[in-house]
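Only one structure is covered here, and it is reproduced in the block below.
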Protein chains: 2
Amino acid sequence: MNVKPRYIALLMALAVLLGAAGSYIGIEYFANGTEGQAKTEQYADKDADNFASLSEEEQKAFLQSMSGNADLKKVEQAFNVIQENYVEEVEKESLVEGAIQGMLDTLEDPYSVYMDPETMEQFNQSIESSFQGIGAEVSMVNDKVTIVAPIKGSPAEEAGLKPNDQILKVDGESVEGLDLYDAVLKIRGEKGTEVTLEIDRPGVSEPLNIDITRDDIPLETVYTDTKMVDGKKAGVIEITSFSEKTSDEFHEALEKLENDGMEGLIIDVRGNPGGLFTDVQEILKEFIPKEEVIVQVEDRNGEKERYLSDSGEKKDYPITVLMDEGSASASEILAATMQEAGGYELVGTKSFGKGTVQQALPMGDGSTIKLTLFKWLTPDGNWVHEKGIEPTVEVKQPEYFYTNPVEIEEPFEYNDNHEKVKNIQVMLKGLGHDPGRTDGYYSKETEAAVEAFQEEAGLEATGVVNQETGGKIEEAIIAEVRNEENDKQMQKAVEVLFQ
Amino acid sequence: MNVKPRYIALLMALAVLLGAAGSYIGIEYFANGTEGQAKTEQYADKDADNFASLSEEEQKAFLQSMSGNADLKKVEQAFNVIQENYVEEVEKESLVEGAIQGMLDTLEDPYSVYMDPETMEQFNQSIESSFQGIGAEVSMVNDKVTIVAPIKGSPAEEAGLKPNDQILKVDGESVEGLDLYDAVLKIRGEKGTEVTLEIDRPGVSEPLNIDITRDDIPLETVYTDTKMVDGKKAGVIEITSFSEKTSDEFHEALEKLENDGMEGLIIDVRGNPGGLFTDVQEILKEFIPKEEVIVQVEDRNGEKERYLSDSGEKKDYPITVLMDEGSASASEILAATMQEAGGYELVGTKSFGKGTVQQALPMGDGSTIKLTLFKWLTPDGNWVHEKGIEPTVEVKQPEYFYTNPVEIEEPFEYNDNHEKVKNIQVMLKGLGHDPGRTDGYYSKETEAAVEAFQEEAGLEATGVVNQETGGKIEEAIIAEVRNEENDKQMQKAVEVLFQ
């Protein structure tokens, strides 16, 4: 079974997003933060202990640097008040982290965030294009942690994990009641360590125990496909995020497709939350002719720097970019530049709208401030922040692509009225059983649609949605979403490509 | 027209709550914050400028106090990083306030808050039992700022403002589109200044212009009533909050009721968010016999101090306390102590659950940290925080007491399904027109109920809820809520009193 790249990307984003809300939708500016570090540590090596050992001039400079503190007198006062008087004991470290987070909050910029050492490590893993674990894509299905697919060549595949295996225990501990993120944390671990999973496999009566040795799991960010359309060969390159190796992988993939006689290219950045700023530039240099503007960067003083292509030339085949509401940041640079500087079509839906560039500024103790330093502008000088980029050809996916997992506590039946019924109605409609309405009121038509679905799925036709029927509806919808034939946006992109 | 005290209290809480979320539900410990102030300002008079003028010993002490700063090195580093690098100019003051707010946020205590000078002033007004303005209770009715009632003896009453007057303009400026809080801010102002209101009065074709000179408006917190039950005279004292004059007013009210031959007392603290810690103690001393525990206070080290009654004796008449989910803090001290130490019944619903004591600690520049310093415990040593106090006799108000204002953009009719329809259904039910269901689905029964209401209200019986019908339904519900006959909790309290 092939792993659809979109789902791995989602998982990756999940792990990081849960650590530091919103931090992943980011662009990194410098390769590393040395400049910021030097600047921010200038006070760190001066303290009162060695005051006597300083020259008179140095003493003066020290006191001056302390008087720069005047702004923070009030913070210090508050720190002492809280620390000495609050009804519970207070950890100094948590007050310090709170103060930093609080200063960042005043910026009202969701992309300027404080990352403690642990969050920072997760973030680095995502940038480094790999993590350590067993290498399986998992998902919550009917409240069970379920294997969607093992990644090719991973320990999970070698140990024989199969799609739809349900994980009951990790190293003897039940994962019941855990959310997906916590369950994933238990399964992950350092390279070389072993984990035992207790598995419930469909069609197997007793639970299985499977031992797996964890390893480095590469996080692929570039996936290639080809499609034949009216005898013409279209290449598809999907980029799921921009991490350290993405541009190299992209160049390789493109070269291979070109050598194989591709007659048109679709670049798919749907659901791609962004990543390294340098990476998307390298990719764009393939397509934007030498000396033309790839992107502009504006600093706090309004001064603009233009980044020019130094190598590319216009390709002799047509290109289309696929994007959606999950395409953010570096993905938007790619889309905007391909359109403005390259004149290519953008197919899909309006993009996310993130027009700023962050840099991780290390604090010297493993923690980091990821701070917005610049705005990026399109080649024509447009700032897309909080606006997004309009597609030139708008296509939405079918409505059922946007439904949520079904969770049923009490069965739903005729004349019920509930938010969750809405979701089920949209799914039934997607499965070709018209529920009459999709506003949450369980009408007679909805009942008939449920009965029709139940007959089709080999269930008793009760017209009531209990847990079993809800689960089957969800499975059927997941299958529809994964069926390439239903990817209306891709179909449009191919159609537009050879117009 | 009598102003129902409950509504003034609500307004007061609104004005303050909007300033500093949750700050009003508080108890003040010290009469003023001198002790805290002295402690928190000890660093403030030392700075680098006069370093040279200090003796060697003082210099050493200064540097030592600075090394207490080591904890804050990282905050300073972050302050500089943000200030020097963020994509926009950053105000130092807002970073400082953000840092303080951020430290308080780590406490995860909604009652420990930072108040800037403006918020502090509003807070003081509520504690001081008065504010400056015109003295009218206002409310939003169909998106218009509407006079509910002028306060007795206020400039608003003297100028002839009447209930249901709609305020169109304040000093020539339209208030359309403003929320209630912003409109109130425009109407309020310093004693002695004049404000001109343009008023739309029902039955008057042209708008009226009314000039009003603002004055001090006392905020009454104690309201007295008497009820005759089976020939027995019950006194009712409602306390809407515990501010500076509350205990004096309470003593006066009680004395008067006792002199008038009251045979039983109901103390009503429903919707009372709390206030001054000293105040509720003074009130409890009336009822709790000398040497018995009124309340206990526990500090951060777990040490408990007991506050004893120094004067009271058990009353020779029965007493009942009325409380609800809006009774918090000082109100809960009153309820818990009356029950545990006095053995009196508590009628109503479970109280809010706030078991901590705050103190405002001035920062010296007009701003203040309101910090939780202590827990309070009931006489028996129970901590009610986040639990609330269970009534001994549970009674809820009718369901329609808990509905929200009706806002109708598009008319609702048969077969619609909407959150807002729920609200309307609960109201119709309260008005005696059974809508069949109250889950938001506009059924045939709901249509019939609307028609019945429309006939009763002299409207065309369309069965459709448009803005006009919605407004009439809301008016009718407000009248029901204000009708003492529908106050089930009060009725129960009276019944229990003479059991």
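What the table below lists for this structure:
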item	result
Residue count, segment B:295-332 (criterion: surrounded by 24 or more Cβ atoms within 10 Å (Cβ to Cβ) and assigned to a strand (DSSP E or B))	5
Any hit, segment A:452-475, residues being β-branched (Val, Ile, Thr), touching a Leu at 6+ places or on another chain (Cβ under 8 Å) and modelled with pLDDT of 95 or more	no
Criterion violated by A:Lys290 - all others in (1) closer than 16 Å to A:Asn382 by Cβ; (2) free of Cβ contacts under 8 Å to residues at least 60 places away in the same chain satisfied	(1)
All positions within segment B:433-455 that are in a loop (DSSP other than H, G, I, E, B) and open to solvent by less than 60 Å² (accessible area, probe 1.4 Å)	B:His433, B:Pro435, B:Gly436, B:Arg437, B:Thr438, B:Asp439, B:Gly440, B:Tyr442, B:Ser443
Subset of segment B:343-377 (residues that are more than 18 Å from B:Tyr114 (Cβ to Cβ), out of contact with any strand residue (DSSP E or B) (no Cβ under 7 Å at 6 or more places or on another chain) and in contact (Cβ under 8 Å) with a residue 12 or more places away in the chain)	B:Lys350, B:Phe352, B:Gly353, B:Lys354
Residues satisfying the stated conditions in segment A:424-450, i.e. more than 14 Å from every other protein chain (Cβ to nearest Cβ) and either closer than 24 Å to A:Asn483 by Cβ or in contact (Cβ under 8 Å) with a residue 40 or more places away in the chain (or both)	A:Ile424, A:Val426, A:Met427, A:Leu428, A:Lys429, A:Gly430, A:Leu431, A:Gly432, A:His433, A:Asp434, A:Ala449, A:Val450
Answer residue from segment A:69-84, given it is at the interface with another protein chain (Cβ under 7 Å from one of its Cβ atoms), free of Cβ contacts under 8 Å to residues at least 24 places away in the same chain and closer than 15 Å to B:Thr106 by Cα and is most open to solvent (accessible area, probe 1.4 Å) among those	A:Asn80
Qualifying positions in segment A:242-263 - under 27 Å from A:Glu495 (Cβ atoms) and not hydrophobic (A, V, I, L, M, F, W, C)	A:Glu255, A:Lys256, A:Glu258, A:Asn259, A:Asp260, A:Gly261, A:Glu263
Residues of segment A:373-394 that turn out to be farther than 30 Å from A:Leu180 by Cβ and open to solvent by less than 60 Å² (accessible area, probe 1.4 Å), as a count	13
Count of segment B:98-119 residues which are at the interface with chain A (Cβ under 7 Å from one of its Cβ atoms) and open to solvent by 20 Å² or more (accessible area, probe 1.4 Å)	4
Leading residue by the ranking (modelled with the lowest pLDDT) among those in segment B:242-256 that are open to solvent by less than 10 Å² (accessible area, probe 1.4 Å) and in contact with a Leu (Cβ under 8 Å, 6 or more places away or on another chain)	B:Ser243
For A:Glu282: the one exception among (1) open to solvent by 20 Å² or more (accessible area, probe 1.4 Å); (2) touching a residue at least 40 places away in the same chain (Cβ under 8 Å)	(2)
Filtered residue count, segment A:456-499, keeping only those that are open to solvent by less than 70 Å² (accessible area, probe 1.4 Å) and assigned to a helix (DSSP H, G or I)	20
Test result for B:Val406, more than 14 Å from every other protein chain (Cβ to nearest Cβ), open to solvent by less than 70 Å² (accessible area, probe 1.4 Å) and of a type outside the set (Ser, Thr, Tyr)	yes
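The values are calculated or read from the model by the stated rules, or taken from the named source; none is laboratory data. Treat the numbers as computed from the prediction; the structure is a model and nothing was measured. Glycine also receives a Cβ, built like all others from the backbone with ideal geometry; neighbour counts cover every protein chain displayed. Only protein heavy atoms, including side chains, enter the accessible area calculation; ligands, DNA and RNA are left aside. Shrake-Rupley method; radii C 1.70, N 1.55, O 1.52, S 1.80 Å.
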